[in-house]
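**Student:** Structure incoming, see below.
Values quoted throughout were computed directly from the atomic coordinates according to the rules given, and no laboratory measurement underlies them. This one's a predicted model, so the numbers in the text were calculated from it and none came from an experiment. A quick note on method: Cβ atoms are made from the backbone with ideal geometry, for glycine too, and the neighbour counts reach across all protein chains shown.
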Amino acid sequence: MRKVSIDFIVGIFMIAGFLSFVYISLQFGEFSFFSMEKRYTVNAEFDSVSGLKPGTTVEIAGVCVGKVSDVYLGDDSRATVILLIDKGVEITDDAIASIRTQGIIGDKYIKILQGGSSDMLVEGDVIFETESAIDLEELISKYIFGDL
């Protein structure tokens, strides 16, 4: 009877440890299921999103205000990016979203420049003013071969 109770306690301890690991993984991962209700989605369409991946940060004035949820090719052959923006952050409907690079060859991120409108974007709205990523390889190629 003593062996059964020790096995039972060890089993409960193992299950509790596994559940704790799952909780911490979800909480500190790129997308937390627990933070989904604290964010709203905004779409942006770009001509090119070269190097942009889900999980990339979204910044306003250098402050992280969200993450990229998904990147896919839209119906009009433009890249559609779904942004998860923190609930407390308001974005004007004339804001400009641009894809930037941290440093010369660093990771890509999305920078949002607020406009002057008093109307704000809500869940599911689209940012129409966008600036695509600069393709460094294409720029160097034009310079080398004189197409600039």
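**Student:** So if the hydrodynamic radius of the range 37-142 is defined as the Kirkwood radius over C-alpha pairs, what does Stokes-Einstein give as its diffusion coefficient at 25 °C and 0.890 mPa s, in µm² per second?
**Tutor:** Details: Rh = 14.0 Å.
Roughly 175 µm²/s, to the nearest whole number.
**Student:** With the chain treated as a Gaussian network of Cα nodes joined by springs under 10 Å, which of Ala16, Ala133, Ala97 yields the largest mean-square fluctuation?
**Tutor:** Maximum fluctuation in the GNM of the chain, among the listed residues, is at Ala16.
**Student:** Can you find, among Gly11, Thr101, Val126, the residue sitting farthest towards the positive end of the charge dipole of the chain, where Lys and Arg contribute +1 and Asp and Glu -1 at Cβ?
**Tutor:** It is Gly11, whose Cα lies furthest towards the positive end.
**Student:** Top mean-square fluctuation among Val81, Val22, Val122, Gaussian network model of the chain, C-alpha springs under 10 Å?
**Tutor:** Largest GNM mean-square fluctuation: Val22.
**Student:** Taking the Cβ of each residue in Glu137, Glu90, Glu59 as the centre, tally the other Cβ atoms inside 10 Å and list the residues starting with the fewest. Mind dumping the intermediate values first?
**Tutor:** Values: Glu137 8, Glu90 13, Glu59 16.
Final ranking by Cβ density, sparse to dense: Glu137, Glu90, Glu59.
**Student:** Also, I was wondering about something else. Tell me which residues come under 5 Å, amide H to amide H, from Ser50 once H is placed; ignore anything under 5 positions away on its chain.
**Tutor:** Long-range HN contacts for Ser50: Ala133.
**Student:** Follow-up question, since we're still on this one. Amide H of Asp125 versus every other amide H placed in the peptide plane: which residues, excluding those fewer than 5 positions away on the same chain, fall under 5 Å?
**Tutor:** Correct list: Asn43.
**Student:** Pick from Phe21, Phe13, Phe128 the residue whose mean-square fluctuation is largest in a GNM of the chain, springs joining Cα atoms under 10 Å.
**Tutor:** Highest fluctuation among the options: Phe13.
**Student:** Note the angle between two axes, namely the Cα long axis of helix 2-28 and the longest principal axis of the Cα atoms of the chain, as a number of degrees from 0 to 90, rounded to the nearest 10.
**Tutor:** 10 degrees
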